[in-house]
Amino acid sequence: MTSKLFYALAMILFLAIKPTQAADTENVNKLLKEVKQIKTAYETRIKALENQLQLLSKGQSKAKATKSPAASSKSNRGNAFNPAISAVIAGTATSFSRTASEISGFGIGEEGERGSEGLSLSETELNFSSNIDDKFSGNVTAAIVREDGSDKVELEEAYFQTLPNAGLPDGLRIKAGRAFWTFGYLNEHHQHADDFADRPLTHRVYLNKSFNDDGAEMSWVLPTETYAELGGGVFRGDDFPFGGSTSGLGGWSAFGRTGGDIGNNQSWRVGAYALQGDVNARATNEDAITFAGKSDLYAADFRYTWAPTGNARSKELLLQAEYFHREEDGTYNTGNGLVSFDDKSSGWYTQGVYKFAPAWRLGVRYSRMHAPGTPAGLAGSSLDAAGHDPQAFALMGDWTNSEYGRLRLQYNREELTENQTDNQYLLQYVMSVGAHGAHPY
């Protein structure tokens, strides 16, 4: 079409000048040559524009694939360089049928314990997040908690991470500081965003609820049509399941996960993770008993979402599961001597949550631990499973008035020690104030 247009233009010019310059063949040829040059330049510019459009189209397709529901991202970074500031207020009213609750066979941290009975204010979370400049963003999260009758401020997260235009290869991100690192599904989330009022046994036992050591992590979202991500990190080694780092570089992690969409109203994601390191002094819930040695923890997770009507805001089904396997080799210091320990344990949970109306959800969860053997010298302590595998069942219903306010009623039935059943009733409220960033998928 373009060639015909220019040749027609050339003929019109030729006919226009023919009556007055019919004899001047040299001038006619010169004009035809100039027209041909204009045509060539025009076609070159059109080709360049077409190439630019193709590159832009590929970039948009890649961006859409990266923002798949199966991918992990946080979107709220405030307005330009003005930080987004928020607070989360959470509290519970609880009733337990037993006065004490120990997870037999495992030495857990303080955060992994059941919690106090009655009325209590849970962690009050303060969050500040913003772009630092055109290449980095930053986030700070502090929690105000009550311990031993006094309020204390704990730094949960303080990190920076690279933005897409930081000059790194496409899909590559670096994150450094203190954060809820990538390990399984729940660990990246703040607890107030969970589907239940408490965390499953796996996270109470193996992670003291969550792992947020000081360190750095690199992840790479692969340039594939289906979401795929690889990554790993290095950590100081002070936070549970580690402790008492002497080198300042006592732990590392690696992970890989993939996922995608099934049609327009379903999505899925699976992942595999490893977290290994040295333990120099890890305190347990058993007084005066500490562990030192090597701890290797592995995990796998699965998550599936389905919106029956095509609109997740009205109805949605969430299915989720995680499996953990731990291998530890070291010694327990009982205060009366050292007890050698070299054994394996595992645990898992599975849960389902169904949103049957825009504001109402029901959920059920089951978690179970497979305790290690009891070495001589630890019999009679909480580290002695006595052949029992702890398990817990939870049933919850919650009402969400808006994305900022939620009320939840939950019932737990825990059998953490042989022949001892604890029936628990929990009423929880979670209220957000201010602009709070979106949580990962």
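The values are calculated or read from the model by the stated rules, or taken from the named source; none is laboratory data. Computed from a predicted model, the values in this text were never measured in an experiment. Note that we place each Cβ from the backbone using ideal geometry, even for glycine, and neighbour counts take in every protein chain shown. SASA here: full protein model, heavy atoms, side chains in, ligands and nucleic acids out. Shrake-Rupley method; radii C 1.70, N 1.55, O 1.52, S 1.80 Å.
Tabulated data for the structure shown
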item: Chymotrypsin sites (Phe, Trp or Tyr not before Pro) restricted to DSSP loop in region 73-177 with at most 14 other C-beta within 10 Å; result: PHE81
item: Neighbour net charge for GLU229 - beta-carbon separation under 10 angstrom, K R +1, D E -1; result: +3
item: Heavy-atom accessible area ranking, 1.4 Å probe, most first, across LEU427, LEU186; result: LEU427, LEU186
item: Sequence of GLU414, GLU123, GLU117 from largest to smallest accessible area, 1.4 Å probe; result: GLU117, GLU123, GLU414
item: Within the accessible area of region 361-438 (1.4 Å probe), percent carbon and sulfur; result: 57 percent
item: Mean accessible surface per residue for region 339-441, computed with a 1.4 Å probe while every protein chain stays in place, in Å²; result: 47 Å²
item: Relative contact order of region 96-165, defined on C-alpha pairs under 8 angstrom at six or more residues apart (%); result: 23 percent
item: Rounded Å value of the spacing that divides the Cα centres of region 392-424 and region 210-287; result: 27 Å
item: Rounded to the nearest 10 Å², the accessible area of LEU416 at probe 1.4 Å; result: 10 Å²
item: Largest to smallest accessible area among ARG204, ARG178, ARG313 [probe 1.4 Å]; result: ARG313, ARG178, ARG204
item: Length released on extending from ALA142 to TRP399, taking residue separation times 0.36 nm less the Cα-Cα span; result: 89.9 nm
item: THR374 - accessible surface, heavy atoms, 1.4 Å probe, Å² rounded to 10; result: 50 Å²
item: Backbone HN-Hα couplings from phi across region 295-307 [Karplus 6.51/-1.76/1.60, Hz, Gly and Pro as x]; result: 10, 10, 10, 10, 8, 9, 9, 8, 9, 9, 10, 9, 9
item: Cα gyration tensor, region 122-233 - rounded (a/c under 1.5), prolate or oblate; result: oblate
item: Accessible area of region 170-258 belonging to carbon and sulfur atoms, whole % at 1.4 Å probe; result: 55 percent
